[in-house]
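What follows is a single structure, written as structure tokens, with notes after it.
Any read-out appearing in this document is the output of simple, stated calculations on the displayed coordinates, not a laboratory observation. From a predicted model like this one, the values you see are computed outputs, not experimental measurements. Please note: Cβ atoms are built from the backbone with ideal geometry, for glycine as well, and neighbour counts cover all protein chains shown.
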Amino acid sequence: MKREPSFATVLNCMDGRVQTPVLEFVRKETGIDWVDNLAIPGPAMAFSDHADPHLRQLVERGLGISVKSHGSRQIYIVIHHDCAGCPYDRKTQHGLAMVAVRTVSSRFPEASVRALWVNEHWEVEPL
Ligand SMILES: [Zn+2]
């Protein structure tokens, strides 16, 4: 009998306005009860060329635990409206998120990686 992984992963922004919408979206989308929530300011920036290497290490450690120890196979990277940690327009944030998706995908090839945009109404839009 095949057992589905029981965890999904969110690389979330620490912003309190996005937590509940994102976690509810991912639970609904995946049907998985447990969502590992790794929350830092402006997480898409953790993989830019100018990122703090210590922050990137912390993020990779958290993702590694979720994927390797918890068996997560779905990772979501969050960008959002009015982000103080990544204070750029939607287009720029989208570009950063795509770099993050590519980097995380190559680091964790066993997982599928997607970006999510949370709009000005705090609604989640898959990218
Ligand atoms: Zn933010």
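Hey, rough spin-label estimate for Ser105 and Arg17, points 7 angstrom out along Cα→Cβ, what's it come to in nanometres?
For the pair Ser105/Arg17, the computed spacing is 3.0 nm.
Taking Rh as the Kirkwood radius computed over C-alpha pairs, what is the Stokes-Einstein D of region 1-55 at 10 °C in a medium of viscosity 1.306 mPa s, expressed in µm² per second?
Taking Rh from Cα pairs, D becomes 126 µm²/s.
List the trypsin sites (Lys or Arg not before Pro) within region 1-60 that DSSP assigns to loop and that have no more than 10 neighbouring Cβ atoms inside 10 Å.
Those that pass, being in a loop and sparsely packed, are Lys2, Arg3.
Taking 0.36 nm per residue of separation and subtracting the Cα-Cα distance, what length does fully extending Asp33 through Trp122 add?
29.9 nm
Suppose the chain between Asp89 and Ile65 were pulled fully straight at 0.36 nm per residue; how much longer would it get relative to their current alpha carbon spacing?
5.5 nm
Binning every alpha carbon pair distance of the chain at 5 Å from zero, what are the percents per bin?
Histogram of Cα-Cα distances, whole percents per bin: 2, 12, 24, 26, 21, 11, 4, 1, 1, 0.
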